[in-house]
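First up is the structure itself, then whatever we jot down about it.
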């Protein structure tokens, strides 16, 4: 299967999954139902195409597919538990849909559908006869596994913080980055995308993580920060002075 054919099937999978998500968005009247389907859609897309089109024995793909399934299930269940079932309002989507709920559904569906299709392309090397360099493959699996654990930890730390605090989270992984969950999600997909380096199919696989980085670093991250600045004011300014934006490092001017 060519990359174009793989992309074509990925588009159809996302269209079907978006059609499944739409009634739930309308039922809950919450645009962040899109986020619940983010993990489901991407995992279903990669796993379905691997089962349908891979020329490799599925046992050979078991570890990366299990990692992707774990990533999708963990993220979707976490968001369902913390954002949809409780009476939770997402400030990002509230600002976007103040006066145009239905048109925002269409816009978000198109944007998220395009991004999800791009990340499904990360699974393209799983279906071709790309040679494997054991060191690179094991390294990619380890990077993705560690990133999955740390992304999960970052999400849980923020959730726990919000249960008892109204201010900014500055503990745990949030002490080293203002967006550790974004960072480790990007690292997870870089690990998956790098499994078959230096085969040419890895170039296709890395399109998704590269696009994800651009969106998180230059669009989603800054938009979230504008909302935080509006809500927290001086506290957020002080956080920006001490805690790095995206790539984790030791914070400035704090006792370590």
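Here, each number is a calculation from the coordinates, and none is a lab measurement. This is a predicted model, so every value here is computed, not measured. Here the Cβ positions follow ideal geometry from the backbone for every residue, glycine too, while neighbour counts run over all protein chains shown.
Annotations
- Debye log10 I(q)/I(0) at q = 0.10 Å⁻¹ for the stretch 3-242, Cα point scatterers: -0.49
- GNM on the chain, alpha-carbon springs under 10 angstrom: the most fluctuating residue among 168, 212, 238 is 238.
- Label reach from residue 56 (point 7 Å along Cα→C-beta): in the stretch 112-139, amide nitrogens under 16 Å belong to 120-139.
- Stretched out straight at 0.36 nm per residue, the stretch from residue 101 to residue 15 would grow longer than its current Cα-Cα span by 29.0 nm.
- Take 44-57, 196-209, 239-252, 175-188 and order them by the average number of nearby Cβ atoms within 10 Å per residue, most first; the result is 175-188, 196-209, 44-57, 239-252.
- Between the Cα long axis of helix 58-79 and the first principal axis of the chain there is an angle of about 20°, rounded to the nearest 10.
- Degrees between helix 3-28 axis and first principal axis of the chain (Cα, 0 to 90, nearest 10): 40
- Separation of the residue 218 and residue 232 label points, Cα + 7 Å toward Cβ, nm: 2.6
- Paramagnetic label zone (point 7 Å from Cα along Cα-to-C-beta, residue 26; backbone N under 18 Å) in the stretch 102-117: 102-110
- Extension gain (nm, one decimal) between residue 149 and residue 77, 0.36 nm per residue minus Cα-Cα: 24.4 nm
- Relative contact order of the chain, pairs being alpha-carbon contacts under 8 Å that are 6 or more residues apart, as %: 21
- Per-residue packing, averaged as other Cβ atoms within 10 Å, sorts the ranges 34-40, 120-126, 102-108 into the order 120-126, 34-40, 102-108, beginning with the highest.
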